[in-house]
Amino acid sequence: MSYYQQPFDVTRLASWQALQEHRQAMQDFRMREAFQADPRRFDDFSTSSCGLFLDYSKNLVTRETRDLLVSLAREAGLAEASRA
């Protein structure tokens with residue numbers, strides 16, 4: 001339970017820094033262009049399970065964004081914290 005006694009500062013992680021750099025690189029992101037460039041965008045950025053549907057295709061996100069978020073979760077130990 002020590003994880004909860006001392007807050008974990010994810011902003012110090014390398015994966016957080018990579019996400020910040022990625023955000024800067026996304027300054028010119030245009031949703032309309034993203035859908036035009038990738039006809040499968042809706043399929044790639046939506047999911048459903050247990051009667052819940054999540055569509056995040058209309059958000060400032062790319063495959064790289066998703067990969068960076070997964071890296072952050074791993075580096076932050078999300079799976080271990082969830083099991084705890």
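The values are calculated or read from the model by the stated rules, or taken from the named source; none is laboratory data. Owing to the predicted nature of the structure, the values given are computational and were not obtained by experimental measurement. Reconstructed Cβ throughout: ideal geometry from the backbone, glycine too, with neighbour counts over all protein chains shown.
Kindly provide the set of residues from segment 54-73 that are surrounded by fewer than 16 Cβ atoms within 10 Å (Cβ to Cβ) and either aromatic (Phe, Trp, Tyr) or in contact (Cβ under 8 Å) with a residue 40 or more places away in the chain (or both), ordered by number. Matches in segment 54-73: Tyr56, Glu64, Leu69. For segment 1-32, taking the residues that are more than 19 Å from Arg63 (Cα to Cα) and in a loop (DSSP other than H, G, I, E, B), the one that is modelled with the lowest pLDDT is identified as Met1.
Taking segment 1-53 as the region of interest, how many residues are of a type in the set (Phe, Trp, Tyr) and touching a residue at least 60 places away in the same chain (Cβ under 8 Å)? First the steps, then the outcome.
Here is the first cut: in segment 1-53, the residues of a type in the set (Phe, Trp, Tyr) are 3-4, 8, 16, 29, 35, 42, 45, 53.
Next cut, touching a residue at least 60 places away in the same chain (Cβ under 8 Å) only: 3, 8.
The number of residues fulfilling the criteria is 2.
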